[in-house]
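Data first, discussion second: the structure below is written as structure tokens.
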Amino acid sequence: MVDRVAVTPSEIPSGRRQRARLIVLAAAALLLLYAVSPYYSLWRFSQALRAHDLDALSARVDFPAVRASFKQQVRDHFLGKLANKKTNRIAQILTSSEPNLLDQLVDAYVTPEGIAALISNPAPIKSATSFPSPPTFQADRPAIDWSKFRHAFFTSPRDFAVDHEGLKLRFRLHASGWKLQVIDLQLESATSR
């Protein structure tokens, strides 16, 4: 005959306790996945840049948002400098022409090739006194030095920023994943002087 061992009710996990543990574990797993996801997306973004995979890079960039922020930064910086130099005629041409000449220049520059060139070497545009010519794809372009990436952090629940050589790359969570939303050139605007 088999001896029966008496088990008290407190030793048997109830169905409610198991469900609560599963819910807590699932929530912790989702939170961990969410916290790691922008770093993984940044790695995939960097892989696309390294491989010069312009299609993959395009899938990770919100081009309308990048163009809009880029245009605003360029307007604030370069047109502010022109206004300070009293060369208002050039500023008037750049802002009043239809379609806007400045917008066309920015649209030509903010392409997968332009973003790759800007991230690999931001110095030409950051030190420019005029708008540089749009970049073209160069297979021999120097590789991006990812060791120069500093501080990667959440700025809000849907926004993530990465500092790289004086640029701040701002990513936003979309339904399709994290996408580059803004390239903050951190240029001095005319209004801040």
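Return the long-range amide H neighbours of G177 (sequence gap of 5 or more, or a different chain), with a cut-off of under 5 Å between placed amide H atoms.
none
Local charge sum around S176 (other residues, Cβ-Cβ under 15 Å, Lys/Arg +1, Asp/Glu -1)?
Details: positive: R44, R60, R158, R172, K179; negative: D55, D62.
Residues close to S176 contribute a combined charge of +3.
Using the Karplus equation 6.51 cos²θ - 1.76 cosθ + 1.60 (θ = phi - 60°), what ³J(HN,Hα) coupling, rounded to whole Hz, does each residue of the stretch 23-36 give in order, writing x for Gly and Pro?
Once θ is set to phi - 60°, the couplings for the stretch 23-36 become 5, 5, 5, 5, 5, 5, 5, 5, 5, 5, 4, 4, 5, 8 Hz.
If I take R0 = 35 Å and measure r between the Cβ atoms of A28 and L54 in this structure, what FRET efficiency does the formula 1/(1 + (r/R0)^6) give, to the nearest 0.05?
On the way: r = 38 Å, r/R0 = 1.08.
The formula returns an efficiency of 0.40 here.
Each value in this text was obtained by applying a stated rule to the coordinates, not by laboratory testing. On a predicted model such as this, the values are computed, not experimentally measured, just so you know. All Cβ positions, even for glycine, are placed from backbone atoms using ideal geometry, and neighbour counts span all protein chains on display.
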